[in-house]
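Student: There's a structure below that I have some questions on.
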Amino acid sequence: MTAKISSFEDYQREYAHSVTDPEGFWAEQAKRFQWQKPWRRVLKWNFRTPDVKWFVGGRLNITENCLDRHLESRGNQTALIWEPNDPGRRARKITYKQLYGLVCQFANALKAQGVKKGDRVCIYMPMTPELAIATLACARIGAVHSVVFAGFSAVSLADRIKDAQAKVVITSDYNARGPKNIPVKKVVDEALALGCDSIEHVIVHQNTGDAIKMEPGRDIWWHDAVKGRRKSGKATVVNSEDMLFILYTSGSTGKPKGVVHTHGGYMVYTEYSFRNVFQYEDGDIYWCTADIGWITGHSYIVYGPLLAGATSMMFEGVPTYPNAGRFWDIIQRHKVNIFYTAPTAIRALMAAGDAWVKNRRMPSLRVLGTVGEPINEEAWHWYNERVGKKHCPIVDTWWQTETGGIMISPLAGITPLKPCYATLPLPGIQPCLVDANGHEINGNDVEGMLCIKYPWPAIIRTTYGDHERCRQTYFATFKNKYFTGDGARRDADGMYRIIGRVDDVINVSGHRIGTAEVEDAINKTPHVVESAVVGFPHEIKGQGIYAYVITSAPISDAAAFKQTVLDTVVREIGPIAKPDKIQLVPGLPKTRSGKIMRRILRKIAEGDTGNLGDISTLLNPEVVDIIKTGAKSI
Ligand code: WTA
């Protein structure tokens, strides 16, 4: 591990270089890796169609850079540490050499199942080492992985399988999560019963060993699939711009879209950002508590750390099992140096009381990080004082599924911190703020919509199967800019604070949820005519989900009806999208053109009913008072 940004002056120099000569700057970074064939051209781009290509003509495989490249220098170093859900079980450590063997072996098994370069493979698994192995094995043979968070419902899983036309699903028998064993394979069976015709095989990893049903001819056990397969083999060489993975994420309209990332640029950017943001030192134990089902797990449990030759820990369980001291236990036991988690987890542990963390000595900790949602001041200080004992810089990392890697963040111990601020852009990242008319807002101490003006290597390439949707969503709002969907402020010193989404996306416990998706799910409940979903401030989750529901006839048993609504949402999406509050209403405030006035609904959900603004232009202003009164008893 070499060449980290080492001082603020160094950062300023590197940033300036990245702006005056982006291609030269990124070419220098890309040279750190093994390329089977060098690129002809560093960057080709336009944000109009959009079309962005990095390291054009280069040929490589990202897993060769995650694994083979390290065999000589760190073959016996631990690559992955797996901490199981059950605190009584021993952690599993996998060296780089072992991981190489396991990935090659499973890659060979996938090939034997007929998986070829370019085929899509859906992975629906709990946080076991096999999840990381399956992911890397796909990449190794040039297949495209689509990891689906194992908390999504059968309906959501089926939607994603169909959209990607996946050939194989890789899953596990059960998910051991806290005190529960959640049937994962059963969800796959239910999903496949919804007509996923593209699926030829299901590979099942035996995790808990509890009984499941196997479908002869279609299903095969992981341990049978790898039997007799070689633990070595060359990676399939692909083009820099060949698809590495699809990851579905929610937007303001319609169904989740498949964000596409490619081998070359994603590799260069995740490694660069990992190394510099966390200031990883050889021998450090790095722990990111995310799930590999989300982008944070892709970029900063699997790819970034392995590319950098780090020791990356993954955790199967939940922060509060068997008690709220679990995270601190794990940090103590494994001597974790760098700890990366979400504000929602920090707030939940803070609410559990200081006793769990107060008497812990965690002298190994050097760097703390957060991601996924804005962190509030109280949680920031608690994290700094109680967990970091005031000597660990907190990197508040702002980024998105679409950006592939961290975009705006302090570099630990190198650039200045400011509570609740993501602070400064990484080298190579050119953010700007834009007003409602699309004009860039210059100067400091200003607020606007956050855009990025220039491509970086891990930028989204397309939305799978629907390039026009990618253009519309990210590149059509403001000319020649990537639009993030977030609002931000830039303070007097040029530091960025992310305020939150300015579109109809809400952020619940760090999970992105589209209000339209939740409405579609609610509308499938019998007797529901229409619904409107908005976010409201929630002490632990950051935002909660508030649903206004119109029914076709008066409901006599409101509690039972609301339960049916919740069950429907769980069936259609999963428990993460369950509304926290449901209010039955006779109507929704609408404009004369029939658009729901969400601004009013948001205010009522926030409990702020004093000043709702001008409602006289509404089609049905009388409904506002009824909703206001009803909200008081929710
Ligand atoms: C939000 C997660 C404030 C933001 C990596 C963004 C944040 C969305 C931060 C992306 C942060 C992420 N401070 N807000 N440090 N990090 N967000 O795609 O609204 O799951 O647009 O990627 O999370 O969520 P996603």
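The values are calculated or read from the model by the stated rules, or taken from the named source; none is laboratory data. On a predicted model such as this, the values are computed, not experimentally measured, just so you know. Don't worry about glycine lacking a Cβ; one is built from the backbone with ideal geometry, like all the others, and counts go over all protein chains shown. Ligands, DNA and RNA are stripped out before the accessible areas are found, and what is left, the full protein with its side chains, is counted by its heavy atoms. Shrake-Rupley method; radii C 1.70, N 1.55, O 1.52, S 1.80 Å.
Student: Taking the condition of being more than 27 Å from the chain's Cα centre (by Cα), open to solvent by less than 60 Å² (accessible area, probe 1.4 Å) and either of a type in the set (Lys, Arg) or within 16 Å of the ligand (Cβ to nearest atom) (or both), how many residues in segment 226-253 meet it?
Tutor: Matching residues across segment 226-253 total 0.
Listed here are the residues, each with its yes/no results for (1) assigned to a strand (DSSP E or B); (2) open to solvent by less than 40 Å² (accessible area, probe 1.4 Å); (3) modelled with pLDDT of 95 or more.
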| site | (1), (2), (3) |
| --- | --- |
| 546 | yes, yes, yes |
| 549 | yes, yes, yes |
| 562 | no, no, yes |
| 593 | no, no, no |
| 612 | no, yes, no |
| 615 | no, no, no |
| 619 | no, no, no |
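Student: Could you list, in sequence order, all residues of segment 282-314 that are closer than 22 Å to residue 576 by Cα and open to solvent by 10 Å² or more (accessible area, probe 1.4 Å)?
Tutor: 289, 290, 291, 294, 295, 296 - these are the residues of segment 282-314 that are closer than 22 Å to residue 576 by Cα and open to solvent by 10 Å² or more (accessible area, probe 1.4 Å).
Student: Give just the number: which of (1) open to solvent by less than 10 Å² (accessible area, probe 1.4 Å); (2) in a loop (DSSP other than H, G, I, E, B) does residue 540 not satisfy?
Tutor: Of the numbered conditions (1) open to solvent by less than 10 Å² (accessible area, probe 1.4 Å); (2) in a loop (DSSP other than H, G, I, E, B), the odd one out for residue 540 is (1).
Student: If residue 504 passes every condition in (1) modelled with pLDDT of 95 or more; (2) away from the ligand (no atom under 12 Å from the Cβ); (3) touching a Gly at 6+ places or on another chain (Cβ under 8 Å) but one, which one does it miss?
Tutor: Failed condition: (1).
Student: Can you confirm whether residue 514 is more than 21 Å from residue 377 (Cα to Cα), surrounded by fewer than 22 Cβ atoms within 10 Å (Cβ to Cβ) and within 12 Å of the ligand (Cβ to nearest atom)?
Tutor: Working: more than 21 Å from residue 377 (Cα to Cα): yes; surrounded by fewer than 22 Cβ atoms within 10 Å (Cβ to Cβ): no; within 12 Å of the ligand (Cβ to nearest atom): yes.
For residue 514, the condition - more than 21 Å from residue 377 (Cα to Cα), surrounded by fewer than 22 Cβ atoms within 10 Å (Cβ to Cβ) and within 12 Å of the ligand (Cβ to nearest atom) - is not met.
Student: Among the residues that make up segment 271-281, is at least one of them among the hydroxyl-bearing types (Ser, Thr, Tyr), out of contact with any Lys or Arg (no Cβ under 7 Å at 6 or more places or on another chain) and surrounded by fewer than 24 Cβ atoms within 10 Å (Cβ to Cβ)? Explain how you work it out, then say what you get.
Tutor: Kept after step one, since they are among the hydroxyl-bearing types (Ser, Thr, Tyr), are these residues of segment 271-281: 272-273, 280.
Filter once more, so that each one left must be out of contact with any Lys or Arg (no Cβ under 7 Å at 6 or more places or on another chain): 272-273, 280.
Those still in the list that are surrounded by fewer than 24 Cβ atoms within 10 Å (Cβ to Cβ) too: none.
No, segment 271-281 contains no residue that is among the hydroxyl-bearing types (Ser, Thr, Tyr), out of contact with any Lys or Arg (no Cβ under 7 Å at 6 or more places or on another chain) and surrounded by fewer than 24 Cβ atoms within 10 Å (Cβ to Cβ).
The rows are residues; the columns are (1) closer than 30 Å to residue 104 by Cβ; (2) surrounded by 14 or more Cβ atoms within 10 Å (Cβ to Cβ); (3) touching a residue at least 40 places away in the same chain (Cβ under 8 Å).
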position	(1), (2), (3)
17	no, yes, yes
20	no, no, no
23	no, no, no
33	yes, yes, yes
43	no, yes, yes
50	no, yes, yes
60	yes, yes, yes
65	yes, yes, yes
70	yes, yes, yes
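Student: On to the next question. Out of segment 410-423, which residues are away from the ligand (no atom under 13 Å from the Cβ) and within 23 Å of the chain's Cα centre (by Cα)?
Tutor: 411, 412
Student: Can you find a residue in segment 255-271 that is touching a residue at least 40 places away in the same chain (Cβ under 8 Å), of a type in the set (Asp, Glu) and in contact with a Ser or Thr (Cβ under 9 Å, 6 or more places away or on another chain)? Let's see the steps before the verdict.
Tutor: Residues of segment 255-271 touching a residue at least 40 places away in the same chain (Cβ under 8 Å): 255-271.
Checking which are of a type in the set (Asp, Glu) leaves us with 271.
Still in the list and also in contact with a Ser or Thr (Cβ under 9 Å, 6 or more places away or on another chain): none.
No; the residues of segment 255-271 include none that is touching a residue at least 40 places away in the same chain (Cβ under 8 Å), of a type in the set (Asp, Glu) and in contact with a Ser or Thr (Cβ under 9 Å, 6 or more places away or on another chain).
Student: Moving to a separate point now. Take the residues in segment 479-501 that are outside any strand (DSSP E or B) and open to solvent by 40 Å² or more (accessible area, probe 1.4 Å), then tell me which one is nearest to the ligand (Cβ to nearest atom). Lay out the reasoning, then the answer.
Tutor: The first filter runs over segment 479-501 and keeps only residues outside any strand (DSSP E or B), leaving 479-481, 491-495.
Still in the list and also open to solvent by 40 Å² or more (accessible area, probe 1.4 Å): 479-480, 492-493.
Values: 479: 21, 480: 20, 492: 20, 493: 18 Å.
By that ranking, first place goes to 493.
Student: Oh, and also: What are the pairs with Cβ atoms under 8 angstrom where one residue, in segment 352-379, is more than 16 Å from residue 289 (Cβ to Cβ) and within 15 Å of the ligand (Cβ to nearest atom) and the other, located anywhere, is part of a helix (DSSP H, G or I) and open to solvent by less than 80 Å² (accessible area, probe 1.4 Å)? Sequence gap at least six, or different chains.
Tutor: Partner pairs satisfying both residue conditions: 374/343; 376/343; 376/347.
Student: Same structure, new question: I'm told residue 521 meets every condition in (1) modelled with pLDDT of 95 or more; (2) open to solvent by 50 Å² or more (accessible area, probe 1.4 Å) except one. Can you identify the failing condition by its number?
Tutor: For residue 521, the exception is condition (2).
Student: Identify all residues within segment 58-71 that are outside any strand (DSSP E or B) and in contact with a Ser or Thr (Cβ under 7 Å, 6 or more places away or on another chain); write none if there are none. Working first, answer last.
Tutor: Going through segment 58-71, the residues outside any strand (DSSP E or B) turn out to be 58, 61-71.
Result: 58, 61.
Student: Got a sec? Which strands (runs of 3 or more DSSP E) wholly within segment 373-478 have at least 2 residues that are touching a Lys or Arg at 6+ places or on another chain (Cβ under 8 Å) and not β-branched (Val, Ile, Thr)?
Tutor: On the way: elements: 394-397, 431-434, 446-452.
Filter on segment 373-478 gives 431-434, 446-452.
Student: Now a separate question. Tell me, please, whether a residue that is open to solvent by less than 10 Å² (accessible area, probe 1.4 Å) and closer than 27 Å to residue 264 by Cα can be found in segment 88-98.
Tutor: Applying the first criterion (open to solvent by less than 10 Å² (accessible area, probe 1.4 Å)) to segment 88-98 yields 94, 96.
Okay, now just the ones that are also closer than 27 Å to residue 264 by Cα, so 94, 96.
Yes, the conditions are met somewhere in segment 88-98.
Student: From the list 449, 407, which one is open to solvent by less than 10 Å² (accessible area, probe 1.4 Å) and either within 13 Å of the ligand (Cβ to nearest atom) or of a type in the set (D, E, K, R) (or both)?
Tutor: On the way: 449 fails: open to solvent by less than 10 Å² (accessible area, probe 1.4 Å).
Sole residue among the options that is open to solvent by less than 10 Å² (accessible area, probe 1.4 Å) and either within 13 Å of the ligand (Cβ to nearest atom) or of a type in the set (D, E, K, R) (or both): 407.
Student: Follow-up. When only residues in segment 387-402 that are β-branched (Val, Ile, Thr) and free of Cβ contacts under 8 Å to residues at least 60 places away in the same chain count, which is nearest to the ligand (Cβ to nearest atom)? Steps first, answer last, please.
Tutor: Going through segment 387-402, the residues β-branched (Val, Ile, Thr) turn out to be 387, 394-395, 397, 401.
When the remaining residues are screened for being free of Cβ contacts under 8 Å to residues at least 60 places away in the same chain, the result is 387, 394.
Numbers: 387: 17, 394: 10 Å.
Among those residues, the one meeting the criterion is 394.
Student: Turning to a different aspect of this structure: So which residues in segment 254-270 are open to solvent by 10 Å² or more (accessible area, probe 1.4 Å) and either more than 15 Å from residue 400 (Cα to Cα) or touching an Asp or Glu at 6+ places or on another chain (Cβ under 6 Å) (or both)?
Tutor: Those that are open to solvent by 10 Å² or more (accessible area, probe 1.4 Å) and either more than 15 Å from residue 400 (Cα to Cα) or touching an Asp or Glu at 6+ places or on another chain (Cβ under 6 Å) (or both): 254, 255.
Student: Any residue that is more than 12 Å from residue 534 (Cβ to Cβ), open to solvent by 30 Å² or more (accessible area, probe 1.4 Å), part of a loop (DSSP other than H, G, I, E, B) and touching a residue at least 24 places away in the same chain (Cβ under 8 Å) - is there at least one of those in segment 622-630?
Tutor: no
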